[in-house]
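The values are calculated or read from the model by the stated rules, or taken from the named source; none is laboratory data. Note that the structure is predicted; figures quoted are calculated from it, not measured. So basically every Cβ, Gly included, is an ideal-geometry build from the backbone, and we count neighbours across all protein chains shown. In case anyone asks, the SASA skips ligands and DNA or RNA and just uses the protein heavy atoms, side chains included. Shrake-Rupley method; radii C 1.70, N 1.55, O 1.52, S 1.80 Å.
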Amino acid sequence: MSKTGKGHTDHESNRVRQKQKMNQEKIEVERDRTRLSIKMDTKIKTKIKMKVTKVRAEAREEAKRSIAGENRGRKESGQVSRGVSRDEGQLQGAVKLKFKVQPFLKRAAKSAGVLAFWPMVMAVSLSLATRAGWPGPTLLGLLNPELQAAPTAGRSFGPQVEKPKLLVIKAGRILTMTGPPIEQGVIIVEGDKIKAVGKDLAIPEGAEIIDEPEGWVLPGLIDVHSSLGLVDERGQSENEELSEPNVAQLDVLDGFYPFDRRIVQVRTSGITAALICPGRRSVIGGQAAVVRLKGQTVDEMKILAPAGVKFSIGEGPKQAFGSKGRLPSTRMGNIYVIRQALLEAREYAGQWAAYNESLAAARKEKRSAATIQPPRRDLKLEALAKVVRGELPAFIECYRIDDISGAIRLVDEFKLKAVFMGCAEGYLVAGEISKRGIPVIVGPMGIGPKRTETENVEISNAARLHKAGVKIALQSETQYGLAALEELPLVAALAVRGGLGEEEALKAITINAAEIIGAGDKLGSLEPGKLADLVIFSGHPLDYRTRVKKVIMGT
Amino acid sequence: MELKGINEGESRRWPSKNLPAPTGSSGRWSVHGIFCFMLISLLLSSPLFILVKVAQAQAAAAAGADNDKVLVLKGARLLTSGNKNYERGTIVIKGSKIFEIGENPQIPAGAEVIDVSGCLITPGLIDAHSHLGLGPSGGVTEDNEMTDPVTPQLRIIDSIHPEGLAPDKNQFRQAVAEGVTTAVVRPGSGNVIGGQSAVLKLRGGTVDNMCILFPADMKMALGRKAAYAQKGQMPMTKMGTAFLVRQAMLEAADYRAALDRYENEKKNNPATATTPPPHDLKKEAMLLVLDRKIPVHIHVDQADDIMTAVRLAKEFSFSKLSLAHAEESYKVADELAREKVTVVVGPRMIVYDDDNRPVNLADYLHRQGVEICIMTDADVVQQPFLRSQAAIAVKYGLEPEEALRAITINPARLMGLEKSLGSLEPGKDADLVVWSGDLFDVRQEALRVFIDGVEVYRSPRVDGELKK
């Protein structure tokens, strides 16, 4: 990866520049060689001139495509170390082959006047090499050597679509998260989906089989409060547009960088999907999205977008704006910004409802609708109107009891479909939260540095909220600045220490997490029809000795 | 000083409500007695005794120490960090020391015997790198005097709040409740030379009572230049950083020469009136390093800074070099092993190499023959979570016993306190923790924590179970 030391934009353009440079270099090499060959046979020079141009153009296209594939492969190469050497081997093989073929081709070309063919041959052989055997990102053999010997499901990066393959996972214990655990069970995966889960299933023919008699299979873990792809390792941030307190119009998809190194890193700990959120310092930060942590483009990766609009109440916005002498510099100011925005959105929603009604009325009465003017579109209010109408949840980040109470007032006033995030002092008002059926994404557990807002963090927070009847999910600690890696099982184990049942703790990082962020139909449990994202642990997931053996995301 | 048993708490300088409360079984205990013992043990065992200033005041007040009280912990699994572990062992504690340890040692008459069958006993955990009591990281902290990049004269004990500052106001109590009994508290890494570290035992209510070794070592930081670069002040480069260390060492050497000249002059010509070189706290502090009286602890991240640290250590013959964080140390592990540099790993336990593959730093370094400690860097990771830091290293491959050593005997050895701390062996301080189960399983808890033979924490569960 290039190290620009700058933000994503630079990073991005640098990447593009590098790619172009590589293309250029390759093409130049081709050109030189072509020239050499042409010198050898000046007689046919003019004859083939036209052809050269044409073939060169083709070769350029081909080279571009293959380099793009190569680049992608390189991005993925961190995941499967064995894959790296294999790829290299194949590439070298292809290069050797090309050199053997070369003299013969030259002779043939000399006589036949098709010298300029061989740049294309080279390009094609390169592209074949890239297509033939990239191990693909589907199985991440990581962390210990035996993993790296895991079978690798082939995945091509070329334009052609492979038929979905069948994958069978036999495991000692399958925690479906919706039903009882299955001992010595079988999961059949077809393409990206789970086809069947059960105990004595017929193994389909031709399927690739993964046998883990000691392994525990869980659905892929979900980090429900993440800045992956928005904040890179160096802390370059794309998650907070702090030019004004309300930026509901922004969509995290537009800031998401699919090659963030941290994506590969969190996958190693079993996280396969995340709710990507704007940061905590904006009052209304923008639209969050649920992203599957596999793919090259955000469009390919998104599972649910927008998943909701992110709000934040407390020290974050106060410090960000108050320090500049701007609104909000107090908690009252903070809530005011939100109320004002939601009131405007309610009005806006009303205008559109009226417009749609009059359109419908005109259609019904069969008169012309030409005179009916639509309201002016406002992207900010459009996003918030969805929240006001209850079409999108409001993710409200709040930690202290005063902020939680403020959030509850907003929920009551605007009948919001809300999810609370953080809620460090949630245990103090668990009853109020429960009464309104507001789910809570609980965190932090107190591992990381404390701020004024998390001063009274309690390890029993999750357990007490759950006991009061609140549906809970657990977030990874990194969101609040923990300098350790995303260890959701560790967070779950801490919640257990705080009194939460083990099953409930596991649900809080899988199925409940999925349902709270609105992706329960695709993620969070091992059921037919859901995405085949699963983790094989070496033992009980909450045991510190347990490692992630494999992460599987489709065949 | 009129300090009485902590139970009474009458004449203590700080209110007692947040302190680890000693409990009935151990009765009252005297800060003085413990310090007297500690002082004696240090006097006997370590050439560093001259550095222990704190105990002097307590030395006279040995009367009243309950040195004959015998406490026996019976039947637990013992992971000693020493030569031998016991599946079912018994520890005899006499006064503040471990008297005997074994499968079936003789229990003296009149001893208080506590049956801890089914539990695990380990030495009290030691954090080799912490900023306990110095304020919240990212907030207003007391550990970085950012007015001058070279501040060896600063003493961390002058900054520590003995309970923890808001929002970490109960840091000490919470740390003890998770089995942390000793912490090496260090200045921050904002300055090239940050100041002098201290070793604290987490009991006693005042910094002076807690401190068992000061100055423990000199804290430096290489490769961190952003803060001063912003001001357009040296260091703006890594070269500048290294130069400042060199400069400070050379100035100390000059100071040493001036002192020697004065001493010689005084000895040879007592009649002539000579004046000693003027006091310079900065140079005097660096003299401790120059004279190899205290080791050096350096914050580094990148491989080049790590090698700069090694270079400086060789150039000025540091008595001992240890590195903090050292996230790229896996790149130069063999060098570090050869130079016998200790690496204090954390708070990031897993780092990613250039190909984005995870490296379990503690495990990798250990396998390459580097001595490791594991830290929280409190409050980057909160002090109580020292064992979960180690648990992460274990999860990704470090031997559990080595992980325990990295938070017990290795830090003790790093600070030169291995004769009194860090393992369960006869003659050592009775700092130990009774766990409800596996040490590294965060679902388990500390049931009883002892420092110097005194119970400083007891889980509510203990009394609950006893009642049953």
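Looking at segment B:123-177 only, could you name the residues that are open to solvent by less than 10 Å² (accessible area, probe 1.4 Å), modelled with pLDDT under 95 and among the aliphatic types (A, V, I, L, M)? Scanning segment B:123-177 gives B:Leu132, B:Leu134. The residue list A:Ala307, A:Ala274 contains one member that is in contact with a Ser or Thr (Cβ under 7 Å, 6 or more places away or on another chain), within 22 Å of A:Gln475 (Cα to Cα) and of a type in the set (Gly, Ala, Ser), which is A:Ala274. Do we have any residue at all in segment A:362-383 that's touching a residue at least 24 places away in the same chain (Cβ under 8 Å), crowded, with 21+ Cβ neighbours inside 10 Å, closer than 26 Å to A:Ala305 by Cβ and under 32 Å from the mean Cα position of the chain (by Cα)? Yes, segment A:362-383 contains at least one residue that is touching a residue at least 24 places away in the same chain (Cβ under 8 Å), crowded, with 21+ Cβ neighbours inside 10 Å, closer than 26 Å to A:Ala305 by Cβ and under 32 Å from the mean Cα position of the chain (by Cα). For segment B:361-398, residues that are facing chain A (nearest Cβ under 9 Å), within 18 Å of A:Glu486 (Cβ to Cβ) and assigned to a helix (DSSP H, G or I) total 7. Is at least one residue of segment B:100-112 away from chain A (no Cβ under 13 Å), touching a Ser or Thr at 6+ places or on another chain (Cβ under 6 Å) and open to solvent by less than 20 Å² (accessible area, probe 1.4 Å)? Taking every residue of segment B:100-112 in turn, at least one turns out to be away from chain A (no Cβ under 13 Å), touching a Ser or Thr at 6+ places or on another chain (Cβ under 6 Å) and open to solvent by less than 20 Å² (accessible area, probe 1.4 Å).
None of A:Ala394, A:Ala345 is among the small types (Gly, Ala, Ser), at pLDDT 95 or above and in contact with a strand residue (DSSP E or B) (Cβ under 6 Å, 6 or more places away or on another chain) except A:Ala394.
Being open to solvent by 10 Å² or more (accessible area, probe 1.4 Å) and in contact (Cβ under 8 Å) with a residue 60 or more places away in the chain is the filter; apply it to segment B:228-241 and report the residue that is nearest to the chain's Cα centre (by Cα). Before you say what the answer is, go through the steps one by one.
Quick first cut of segment B:228-241, residues open to solvent by 10 Å² or more (accessible area, probe 1.4 Å) only: B:229-234, B:236-239.
Among the residues that remain, those that are also in contact (Cβ under 8 Å) with a residue 60 or more places away in the chain are: B:233-234, B:238.
Details: B:Gln233: 33, B:Met234: 31, B:Lys238: 28 Å.
Among those that are open to solvent by 10 Å² or more (accessible area, probe 1.4 Å) and in contact (Cβ under 8 Å) with a residue 60 or more places away in the chain, it is B:Lys238.
Of the helices (runs of 4 or more DSSP H) lying entirely inside segment B:223-329, those containing at least 2 residues that are over 16 Å from B:Gly190 (Cα atoms) span B:238-268, B:281-290, B:303-315. Say we look at segment B:145-192 and pick out the residues that are part of a loop (DSSP other than H, G, I, E, B) and among the aliphatic types (A, V, I, L, M); which of these is nearest to the other protein chains (Cβ to nearest Cβ)? Among residues in segment B:145-192 that are part of a loop (DSSP other than H, G, I, E, B) and among the aliphatic types (A, V, I, L, M), the one nearest to the other protein chains (Cβ to nearest Cβ) is B:Ala166. A single member of A:Lys195, A:Lys199 is of a type in the set (Lys, Arg) and surrounded by 15 or more Cβ atoms within 10 Å (Cβ to Cβ), and it is A:Lys195.
A search for C-beta distances below 7 Å between a residue of segment B:317-336 that is within 17 Å of B:Leu222 (Cα to Cα) and any residue that is among the hydroxyl-bearing types (Ser, Thr, Tyr) and outside any loop (DSSP other than H, G, I, E, B), counting only pairs 6+ apart in sequence or on different chains, returns B:Ser322/B:Thr342; B:Leu323/B:Ser329; B:Leu336/B:Ser329. Checking each residue in segment A:482-510 for being surrounded by fewer than 24 Cβ atoms within 10 Å (Cβ to Cβ) and more than 10 Å from chain B (Cβ to nearest Cβ) picks out A:Gly499, A:Gly501, A:Glu503, A:Glu504. Checked against the criteria, A:Ser476 counts as farther than 29 Å from A:Val186 by Cβ, within 18 Å of the chain's Cα centre (by Cα) and more than 11 Å from every other protein chain (Cβ to nearest Cβ). When A:Gly524 is tested against (1) in a loop (DSSP other than H, G, I, E, B); (2) open to solvent by 40 Å² or more (accessible area, probe 1.4 Å); (3) within 30 Å of B:Ala393 (Cα to Cα), only condition (2) is not met.
State all residues of segment A:438-462 that are in a loop (DSSP other than H, G, I, E, B) and within 11 Å of chain B (Cβ to nearest Cβ); if no residue qualifies, say none. First the steps, then the outcome.
Here is the first cut: in segment A:438-462, the ones in a loop (DSSP other than H, G, I, E, B) are A:438-439, A:443-451, A:455-460.
A:Pro444, A:Met445, A:Gly446, A:Ile447, A:Gly448, A:Pro449, A:Lys450, A:Arg451, A:Glu455, A:Asn456, A:Val457, A:Ile459 - these are the residues of segment A:438-462 that are in a loop (DSSP other than H, G, I, E, B) and within 11 Å of chain B (Cβ to nearest Cβ).
Going residue by residue through segment B:335-344, is there one that turns out to be open to solvent by 10 Å² or more (accessible area, probe 1.4 Å), within 13 Å of B:Val370 (Cβ to Cβ) and in a loop (DSSP other than H, G, I, E, B)? Looking for residues that are open to solvent by 10 Å² or more (accessible area, probe 1.4 Å), within 13 Å of B:Val370 (Cβ to Cβ) and in a loop (DSSP other than H, G, I, E, B), one finds at least one in segment B:335-344, hence yes. Inclusion of A:Val247 among residues that are within 30 Å of A:Lys386 (Cβ to Cβ), among the β-branched types (Val, Ile, Thr) and at pLDDT 95 or above is warranted.
Of everything in segment A:419-437 that is open to solvent by less than 10 Å² (accessible area, probe 1.4 Å) and closer than 23 Å to A:Leu342 by Cα, the residue that is farthest from the other protein chains (Cβ to nearest Cβ) is A:Val419.
Can you name the residue in segment B:401-435 that is of a type in the set (Asp, Glu) and buried (at least 24 other Cβ atoms within 10 Å of the Cβ) and is also farthest from B:Ser96 (Cα to Cα) among such residues?
Taking segment B:401-435 as the starting set, the residues that turn out to be of a type in the set (Asp, Glu) are B:401-402, B:418, B:425, B:429, B:431.
Then keep just the ones that are buried (at least 24 other Cβ atoms within 10 Å of the Cβ); that gives B:429, B:431.
On the way: B:Asp429: 6, B:Asp431: 8 Å.
Looking at the filtered set, the residue picked out is B:Asp431.
Matching residues to (1) crowded, with 22+ Cβ neighbours inside 10 Å; (2) aliphatic (A, V, I, L, M); (3) not in a helix (DSSP H, G or I):
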{"site": "A:Ala307", "(1), (2), (3)": "yes, yes, yes"}
{"site": "A:Lys310", "(1), (2), (3)": "yes, no, yes"}
{"site": "A:Gly325", "(1), (2), (3)": "no, no, yes"}
{"site": "A:Ala341", "(1), (2), (3)": "yes, yes, no"}
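Note on segment A:252-276: among residues that are within 19 Å of A:Val309 (Cα to Cα) and in contact (Cβ under 8 Å) with a residue 60 or more places away in the chain, the one that is surrounded by the fewest Cβ atoms within 10 Å (Cβ to Cβ) is A:Gly255. Note on segment A:411-437: residues that are in a helix (DSSP H, G or I) and of a type outside the set (Gly, Ala, Ser) total 10.
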